[in-house]
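Novice: One structure is given below, represented as structure tokens, and several questions about it will come after.
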Amino acid sequence: MNLKFYVYFVVIFLLSSACRKDQISRSVTPYQPDVPEHFPNMPVPADNPMTKEGVELGRQLFYDERLSRDNTISCASCHEQKYSFSDKEKFSLGVDGQIGSRNSMALINLAWQEDFFWDGRDESLEEQILEPVVTPHEMDQSWPTTLNKLSADVDYRNQFFNVFGVEEFDSTHVSKAIAQFLRTLISGKSKYDVMYKYQNSLPLTPEEQVIYEQITTEEWAGMDVFFSLSGGDCLHCHDGALAHVNMFANNGLDATFEDAGRMLVTGNPADKGKFKVPTLRNIEHTAPYMHDGRFETLDDVVDHYSFGLVESPTIDPMMEFAHQGGVQLDFQERELLKTFLKTFTDEQFLNNPDFQDPEVN
Amino acid sequence: MKTIYLYTLLLTAGLIVLESCKDDEDNTDQEPQPMEVQVNLVPTYDGESFEFNKPFTTQEGYTIEFTRLNVILSELEHEGKTLTRSGVYKYEEHPKRIWRGEGSFQDFPSLTANVGVPASRNHEDPSAWEDDDPLHILNTDDMHWGWNTGYIFLIIEGKADTTANQTGENLMNFFYHTGTDELLKTVSLENLNWKSESNTLYSADLTVDMYKVFDGDTVDVDIKEERASHTMPSQVELSDKILSNFASALKVKQ
């Protein structure tokens with residue numbers, strides 16, 4: 001009897017302890033991002049595959065003000081959907097009204113970007129997300145405090161367990177979840193996308209065909225100005241399906257630099273005054289412009305490239321008309337260029353309910 | 001009988017435990033690693049080591065500095081065997097490597113290659129290549145003008161002081177963005193010097209003397225007057241000189 005009891009006990013113990021990880025009940029569904037056909041495949045890091053549950057958790061965290069010291073600031077405070085996930089401030093306001101020194105960048109098509117922040121100091125979304133929480137002029141809260149606050153929410157604990165299989169989540173899990181959400185912020189349904197597809201003989205969907213028929217002569221003419229080497233000469237930095245290249249450039253804003261930009265990261269004087277080339281998608285809604293938000297309107301921007309370029313030792317070679325102050329567009333060309341820039345507006349992106357605050361939506 | 005049954009049950013349970021955790025065990029039957037080769041490019045300048053923003057002197061005595069050097073090589077082949085369809089070199093990202101991938105170095109004692117992309121592939125959708133294809137738009141990035149004009153084969157950017165007094169205060173930008181189907185160049189790279197980097201990796205170095213891009217074997221580039229090219233119709237001649245000189249200066253490093 002004793003032996004029988006002993007054997008049964010051992011059997012039950014062994015079976016119950018066999019690879020506990022396989023016995024945890026979790027339920028996640030792979031997330032298929034809605035990547036436009038004319039885009040490259042979306043690069044997703046192997047250690048952070050996207051799931052529907054992870055994206056939803058990331059969305060909640062993105063809008064959660066508990067990430068800040070006084071529970072007043074969320075990621076969305078400086079990255080509002082209606083402004084294409086930027087804000088209207090020259091420099092965003094953090095906790096206690098503290099002010100940063102750079103303009104809030106629009107969050108669009110981040111999955112295809114390789115460097116983050118204006119100076120590119122982080123090379124992954126997951127890294128980038130860790131910074132604003134602890135930055136004094138942004139959320140100003142340590143990660144241990146942040147995790148304590150979030151851990152007090154049983155719903156978060158359950159979601160982190162479900163998404164990542166961890167009973168005690170840490171900052172990397174928070175950043176991974178937010179990164180999953182940010183990778184869903186895809187803009188590829190603007191007039192520009194239809195124009196790009198049409199020009200390259202890619203088939204248009206019925207929905208795109210309707211958009212195509214709405215494209216005006218002025219918008220096509222503005223596109224010519226944009227891509228013309230003897231016109232706007234904009235294509236070097238804003239080209240292709242993504243309308244964006246991964247590079248840093250000194251675009252002739254200043255002769256001397258209060259903000260050394262990329263040089264602060266590399267230490268290389270040749271990078272002085274260089275900043276990440278931003279996307280032009282939804283540019284109509286992302287004012288003010290440039291790393292320091294110095295330009296309030298699209299007119300200011302177009303005027304800068306037409307007449308306001310300033311030469312300096314690190315100015316980008318592609319600013320080839322800097323010696324004459326810019327590309328010298330006349331009034332009509334500037335108006336056409338501005339008209340074209342508005343074709344980057346993607347109303348579906350700006351109003352996508354999947355991107356909205358889950359508390360509101 | 002009962003005892004045998006119980007011991008059998010115990011043994012079975014133990015085996016289940018051991019089997020179920022197999023993924024944590026060392027796998028001693030590992031697949032053999034495939035042989036890899038890497039083709040490198042080591043730029044020089046008239047015998048000097050090459051670096052960005054390092055001042056060199058042109059044949060005219062001008063100071064010249066480089067800030068960008070990117071090139072696409074394609075159809076790296078030997079006697080019908082293809083090492084790779086394309087490789088993209090970007091000094092800023094990787095100062096040596098053009099391409100690394102599976103292959104046997106013994107099959108490629110020499111290579112022919114194009115500087116640029118052949119017309120048959122120059123106008124394909126740059127987003128549609130496999131993600132790891134060097135020509136994929138995320139790998140070439142701004143080395144692509146558009147579907148009609150295709151890829152930029154060779155980018156050279158920098159600064160040069162072409163004034164008489166050479167104070168070093170008059171460095172002005174120059175850039176050459178060269179390409180288009182008509183300017184594709186073919187090079188022959190004889191007697192590659194393959195070196196073993198590990199049991200499974202062999203590498204061969206190519207070299208290009210950037211001095212000779214301006215002081216070519218047959219044509220020179222006058223950097224004072226010929227500072228820029230986007231390979232527009234009026235600039236095709238200059239782009240052709242740059243590409244021809246680059247192709248001539250591209251050699252096997254011994």
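The values are calculated or read from the model by the stated rules, or taken from the named source; none is laboratory data. Because the structure is a prediction, the values reported are computed rather than measured. As a convention, Cβ positions derive from the backbone with ideal geometry for all residues, glycine included, and neighbour counts pool all protein chains shown.
Novice: Within the range A:288-304, can one find any residue that is within 14 Å of chain B (Cβ to nearest Cβ), part of a helix (DSSP H, G or I) and out of contact with any helix residue (DSSP H, G or I) (no Cβ under 6 Å at 6 or more places or on another chain)?
Specialist: As a first pass, look at the range A:288-304 and keep what is within 14 Å of chain B (Cβ to nearest Cβ): none.
No, the range A:288-304 contains no residue that is within 14 Å of chain B (Cβ to nearest Cβ), part of a helix (DSSP H, G or I) and out of contact with any helix residue (DSSP H, G or I) (no Cβ under 6 Å at 6 or more places or on another chain).
Novice: Assess whether A:VAL310 counts as being in the same structural domain as A:ALA287 (by TED's automatic domain parsing), in a loop (DSSP other than H, G, I, E, B) and not hydroxyl-bearing (Ser, Thr, Tyr).
Specialist: Values: in the same structural domain as A:ALA287 (by TED's automatic domain parsing): yes; in a loop (DSSP other than H, G, I, E, B): yes; not hydroxyl-bearing (Ser, Thr, Tyr): yes.
Yes, satisfied.
Novice: Does B:GLU182 count as loosely packed, with under 13 Cβ neighbours inside 10 Å and assigned by TED's automatic domain parsing to the domain that holds B:MET210?
Specialist: So B:GLU182 fits the description; yes.
Novice: Considering only the range B:196-220, how many residues are in a loop (DSSP other than H, G, I, E, B), within 13 Å of B:ILE156 (Cα to Cα) and touching a helix residue (DSSP H, G or I) at 6+ places or on another chain (Cβ under 6 Å)?
Specialist: Let us first name the residues in the range B:196-220 that are in a loop (DSSP other than H, G, I, E, B), namely B:197-200, B:210, B:216-219.
Okay, now just the ones that are also within 13 Å of B:ILE156 (Cα to Cα), so B:210.
Of the ones still in play, those that are also touching a helix residue (DSSP H, G or I) at 6+ places or on another chain (Cβ under 6 Å) are none.
Residues flagged as in a loop (DSSP other than H, G, I, E, B), within 13 Å of B:ILE156 (Cα to Cα) and touching a helix residue (DSSP H, G or I) at 6+ places or on another chain (Cβ under 6 Å) within the range B:196-220 amount to 0.
Novice: If a residue has to be under 30 Å from B:THR162 (Cβ atoms) and crowded, with 19+ Cβ neighbours inside 10 Å to count, how many in the range B:92-120 make the cut?
Specialist: Within the range B:92-120, residues that are under 30 Å from B:THR162 (Cβ atoms) and crowded, with 19+ Cβ neighbours inside 10 Å number 2.
Novice: Right, next: If I filter the range B:152-192 down to residues being in a strand (DSSP E or B) and of a type in the set (Val, Ile, Thr), which single residue comes out as farthest from the other protein chains (Cβ to nearest Cβ)?
Specialist: Looking at residues that are in a strand (DSSP E or B) and of a type in the set (Val, Ile, Thr), I get B:THR186.
Novice: I've got another one for you. Does B:THR207 satisfy the condition of being within 16 Å of the chain's Cα centre (by Cα), surrounded by fewer than 20 Cβ atoms within 10 Å (Cβ to Cβ) and of a type in the set (Val, Ile, Thr)?
Specialist: yes
Novice: Another one. Does A:VAL210 fit the bill of being more than 12 Å from every other protein chain (Cβ to nearest Cβ), within 19 Å of A:LEU337 (Cα to Cα) and free of Cβ contacts under 8 Å to residues at least 60 places away in the same chain? If you could, list the steps in order and put the result at the bottom.
Specialist: On the way: more than 12 Å from every other protein chain (Cβ to nearest Cβ): yes; within 19 Å of A:LEU337 (Cα to Cα): no; free of Cβ contacts under 8 Å to residues at least 60 places away in the same chain: yes.
So A:VAL210 does not fit the description; no.
Novice: Let me ask another. Could you tell me whether the range A:303-311 includes any residue that is closer than 19 Å to A:ASP224 by Cβ and either surrounded by fewer than 20 Cβ atoms within 10 Å (Cβ to Cβ) or among the small types (Gly, Ala, Ser) (or both)?
Specialist: Yes, that holds for at least one residue.
Novice: Could you tell me whether any residue of the range B:182-189 is at positive phi and in contact (Cβ under 8 Å) with a residue 24 or more places away in the chain?
Specialist: no
Novice: Mind checking which residues of the range A:313-327 are of a type in the set (A, V, I, L, M), out of contact with any Ser or Thr (no Cβ under 8 Å at 6 or more places or on another chain) and in a loop (DSSP other than H, G, I, E, B)?
Specialist: A:ILE315, A:MET318, A:MET319
Novice: Being within 14 Å of chain A (Cβ to nearest Cβ), in a strand (DSSP E or B) and under 30 Å from A:TRP112 (Cα atoms) narrows it down to one of B:TRP129, B:TRP145, so name that one.
Specialist: Unique residue meeting the criteria: B:TRP145.
Novice: Still on this model: Any idea how many residues of the range B:91-126 are within 30 Å of A:LEU202 (Cα to Cα) and either assigned to a strand (DSSP E or B) or facing another protein chain (nearest Cβ under 9 Å) (or both)?
Specialist: 4
Novice: For the range B:222-245, enumerate the residues that are assigned to a helix (DSSP H, G or I) and in contact with a strand residue (DSSP E or B) (Cβ under 6 Å, 6 or more places away or on another chain). Before you say what the answer is, go through the steps one by one.
Specialist: If we filter the range B:222-245 for residues that are assigned to a helix (DSSP H, G or I), which is where we start, we get B:233-245.
B:GLN235, B:LEU238, B:SER239, B:ILE242, B:LEU243, listed by residue number.
Novice: Test each condition in (1) closer than 30 Å to B:ARG100 by Cβ; (2) touching a Lys or Arg at 6+ places or on another chain (Cβ under 7 Å); (3) of a type outside the set (S, T, N, Q) for B:ASP209 and report the one that comes out false.
Specialist: (2)
Novice: Output the residue which, of all residues in the range B:54-82 that are assigned to a strand (DSSP E or B) and within 14 Å of chain A (Cβ to nearest Cβ), is farthest from the chain's Cα centre (by Cα). Steps first, answer last, please.
Specialist: In the first step, residues of the range B:54-82 are kept if they are assigned to a strand (DSSP E or B); the result is B:56-57, B:63-78, B:81-82.
Checking which are within 14 Å of chain A (Cβ to nearest Cβ) leaves us with B:63-70.
Values: B:THR63: 27, B:ILE64: 23, B:GLU65: 21, B:PHE66: 17, B:THR67: 17, B:ARG68: 13, B:LEU69: 10, B:ASN70: 8 Å.
Restricting to residues being assigned to a strand (DSSP E or B) and within 14 Å of chain A (Cβ to nearest Cβ), the top hit is B:THR63.
Novice: Checking B:TRP147 against (1) in contact with a Leu (Cβ under 8 Å, 6 or more places away or on another chain); (2) touching a residue at least 12 places away in the same chain (Cβ under 8 Å): exactly one of these is not met. Which one?
Specialist: (1)
Novice: Here's something else I'd like to know. Taking B:SER196 as the residue in question, decide whether it is of a type in the set (S, T, N, Q), surrounded by fewer than 20 Cβ atoms within 10 Å (Cβ to Cβ) and at pLDDT 95 or above.
Specialist: yes
Novice: Let me ask something else about it. Can you tell me which residue among A:LEU253, A:LEU235 is crowded, with 19+ Cβ neighbours inside 10 Å and either more than 14 Å from chain B (Cβ to nearest Cβ) or touching a residue at least 24 places away in the same chain (Cβ under 8 Å) (or both)?
Specialist: From the options A:LEU253, A:LEU235, the qualifying one is A:LEU253.
Novice: Which is modelled with pLDDT under 95 and within 19 Å of the chain's Cα centre (by Cα), of A:ALA241, A:ALA249?
Specialist: After ruling out the rest, the residue left standing is A:ALA241.
Novice: Let me ask something else about it. Look through the range A:95-118, keep the residues that are in contact with a helix residue (DSSP H, G or I) (Cβ under 8 Å, 6 or more places away or on another chain) and more than 14 Å from chain B (Cβ to nearest Cβ), and return whichever of them is farthest from A:ALA46 (Cα to Cα).
Specialist: This residue is A:SER104.
Quick grid of which residues meet (1) farther than 13 Å from A:GLY58 by Cα; (2) modelled with pLDDT under 95; (3) surrounded by 18 or more Cβ atoms within 10 Å (Cβ to Cβ):
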site: A:ASP140; (1), (2), (3): yes, no, yes
site: A:THR146; (1), (2), (3): yes, no, yes
site: A:ASP153; (1), (2), (3): yes, no, no
site: A:TYR156; (1), (2), (3): no, no, yes
site: A:PHE160; (1), (2), (3): no, no, yes
site: A:PHE181; (1), (2), (3): no, no, yes
site: A:SER190; (1), (2), (3): yes, no, yes
site: A:VAL194; (1), (2), (3): yes, no, yes
site: A:SER201; (1), (2), (3): yes, yes, no
